[in-house]
Ligand SMILES: [Zn+2]
């Protein structure tokens, strides 16, 4: 049985994901299943933090906050994130 790796194993793979222009990605709402381009969904709460809401059901898709100690990203409202191919 394979032993799990620690989170550092994701540093390389995720650096290729989160350097993309995320506003062009399509999110699928975990609540109602609606697909929406990030740039077209509503964002609330700036500048203290950001909440991206589903235009279909109003559920929070994504929450992001910056504090002196961390940048926190909560994506539990997203069932799928589809990112356009490079180039
Ligand atoms: Zn929804």
message: As an exercise: evaluate residue 87 against (1) away from the ligand (no atom under 16 Å from the Cβ); (2) in contact with a helix residue (DSSP H, G or I) (Cβ under 8 Å, 6 or more places away or on another chain); (3) assigned to a loop (DSSP other than H, G, I, E, B) and give the number of the one condition it does not meet.
response: (2)
- prompt: When only residues in the range 54-71 that are near the ligand (Cβ under 10 Å from one of its atoms) and not in a loop (DSSP other than H, G, I, E, B) count, which is surrounded by the most Cβ atoms within 10 Å (Cβ to Cβ)?
  reply: 61
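Determine whether residue 12 is within 28 Å of residue 68 (Cα to Cα), in contact with a strand residue (DSSP E or B) (Cβ under 6 Å, 6 or more places away or on another chain) and modelled with pLDDT under 90.
Details: within 28 Å of residue 68 (Cα to Cα): yes; in contact with a strand residue (DSSP E or B) (Cβ under 6 Å, 6 or more places away or on another chain): no; modelled with pLDDT under 90: yes.
The answer is no for residue 12.
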query: With 67, 72 as the choices, which residue is at pLDDT below 95 and within 12 Å of the chain's Cα centre (by Cα)?
result: 72
statement: Counted residues in the range 1-53 being touching a residue at least 24 places away in the same chain (Cβ under 8 Å), in a loop (DSSP other than H, G, I, E, B) and exposed (fewer than 14 other Cβ atoms within 10 Å of the Cβ) come to 4
message: Quick check on my filter: what residues within the range 49-61 are under 14 Å from the mean Cα position of the chain (by Cα) and closer than 11 Å to residue 28 by Cα?
response: 54, 61
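Given the criteria more than 12 Å from the ligand (Cβ to nearest atom) and in contact with a strand residue (DSSP E or B) (Cβ under 7 Å, 6 or more places away or on another chain), does residue 74 qualify? Can you show your working first?
Working: more than 12 Å from the ligand (Cβ to nearest atom): yes; in contact with a strand residue (DSSP E or B) (Cβ under 7 Å, 6 or more places away or on another chain): yes.
Here the answer is yes, as residue 74 does meet what is asked.
The values are calculated or read from the model by the stated rules, or taken from the named source; none is laboratory data. Quantities reported herein were computed from a predicted structural model and do not represent experimental measurements. No Cβ is skipped: glycine too gets one built from the backbone with ideal geometry, and neighbour counts run over all protein chains shown.
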